[in-house]
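K.L.:
My structure is below; once you've seen it, I'll send some questions.
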Amino acid sequence: MTRRALVTGATSGIGHAYAAELAKRGYDLVIVARTTDRLEAVATHLRGRHRVEVDVVTADLATVEGVARTVNRLTDSARPVDLLVNNAGSSLAGWFGTTDIADEDRQLDLLVKAPMHLMDAAIKTMAGRGGGQVVNVSSVAAFTPRGVYSAHKAWLLNLSQWADIHYSDVNISVQALCPGFVRTEFHERGEMDVSGVPRWMWLKADKVVAASLRDLDKGKTVSIPSLRYKLLATLAQYLPKSLVTRIAKRGR
Ligand SMILES: NC(=O)c1ccc[n+]([C@@H]2O[C@H](COP(=O)([O-])OP(=O)(O)OC[C@H]3O[C@@H](n4cnc5c(N)ncnc54)[C@H](OP(=O)(O)O)[C@@H]3O)[C@@H](O)[C@H]2O)c1
């Protein structure tokens, strides 16, 4: 039987790589983002290449209406979703405490409230249907205090870990994907200067997604793509306070 995945932020970067890989694996798709023409271009390409159904939902997930539209599609019992990928995200230029608090609210809505609402809807419908899967795109930033973005990602990591344990009884698995630096549009959109990030720290979106789906098949709750970031995430738990302070001062 054909399975269906809903991927948010599927027009670029990591979300696009999920959509492409899942279509290759034969999943029908529902793809979500704000930019309709980019969504249509991705849909046309994937339909033609992989002979799968691709539905498009134009929605701003930082808004109540955008989340409601996506929840409606997610809970449509005529076209059920087996895998939810909560991926859409962005970063705000500037340090918390200097930024506009209305912009911070939108970030909270996009990075925390939207995945929470979509995960709530997915769990409720999947539990009634005998199971399903959720991937929440967090970040290695979740492992150290690096400002409000890393706080949002830590929230998502923590909830995913709990939900994976709690809902295993009803055959629902929840993964938190925690990538390091990935070459996407993310840093340019967030006006981040990443010129000092060494080459070895950069990952490719398709490799990140391959690791996530491999870990999902194995039932791993926390997926950290690449050995170098697995090591860094482990070390982050034992860092001396002086180093944590240095990292925190550079985060935002
Ligand atoms: N790149 C990295 O180094 C990195 C590392 C760790 C974690 N992450 C996380 O990975 C996820 C994907 O980021 P990416 O690197 O792939 O970034 P990206 O290339 O900028 O892609 C972001 C995607 O999200 C969509 N999006 C942004 N704001 C949205 C909104 N308000 N409503 C709906 N869709 C929205 C964008 O499409 P539209 O603009 O058309 O809406 C786009 O499809 C994010 O959650 C990010 O925090 C990224």
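The values are calculated or read from the model by the stated rules, or taken from the named source; none is laboratory data. Note that this is a predicted model, so its numbers are computed, not measured. Cβ sites come from the backbone with ideal geometry, for glycine too, and all protein chains shown count toward neighbours. Keep in mind that these areas ignore ligands, DNA and RNA; they rest on the heavy atoms of the full protein, side chains included. Shrake-Rupley method; radii C 1.70, N 1.55, O 1.52, S 1.80 Å.
K.L.:
Evaluated at 4 °C with a viscosity of 1.567 mPa s, what Stokes-Einstein diffusion coefficient in µm²/s does region 155-232 have when Rh comes from the Kirkwood expression over alpha-carbon pairs?
P.N.:
Rounded, D is 93 µm²/s.
K.L.:
If Met126, Met192, Met1 are ordered by their accessible area, calculated over protein heavy atoms with a 1.4 Å probe, which sequence runs from highest to lowest?
P.N.:
Highest to lowest solvent-accessible surface, that is Met1, Met192, Met126.
K.L.:
Here is a follow-up. Could you report the accessible area of Ile224 in Å², rounded to 10, computed with a 1.4 Å probe on the protein chains as they sit in the structure?
P.N.:
That residue has around 20 Å² of solvent-accessible surface.
K.L.:
P(r) for the chain: what percent of alpha-carbon pairs falls in each 5 Å bin, starting at zero?
P.N.:
Spelled out bin by bin, the chain gives 1, 6, 13, 18, 21, 18, 12, 7, 3, 1, 0, 0 percent.
K.L.:
Counting each DSSP H run of 4 or more residues in the chain as -39500 (n - 2.57), what helix-only mean residue ellipticity at 222 nm follows after dividing by all residues, to the nearest 500 deg cm²/dmol?
P.N.:
About -14500 deg cm²/dmol.
K.L.:
Any idea what angle helix 205-218 forms with the longest principal axis of the chain, computed on alpha-carbon atoms, 0 to 90 degrees, nearest 10?
P.N.:
Value to nearest ten degrees: 70.
K.L.:
Can you give the charge dipole size of the chain about its Cα centre, rounded to the nearest 20 debye, using +1 on the beta carbon of Lys and Arg and -1 on the beta carbon of Asp and Glu?
P.N.:
Rounded to the nearest 20 debye, it is 960 debye.
K.L.:
Return the carbon/sulfur percentage of the accessible area of the chain, one whole number, probe 1.4 Å, all protein chains in place.
P.N.:
The computed percentage sits at 54.
K.L.:
Given Cα pairs under 8 Å that are at least 6 residues apart, what percent is the relative contact order of the chain?
P.N.:
18 percent
K.L.:
If you count only protein heavy atoms with a 1.4 Å probe, what accessible area per residue comes out for region 4-250, rounded to a whole Å²?
P.N.:
50 Å²
K.L.:
Could you pull the accessible area for Phe96 with a 1.4 Å probe, rounded to 10 Å²?
P.N.:
For Phe96, solvent-accessible area is about 130 Å².
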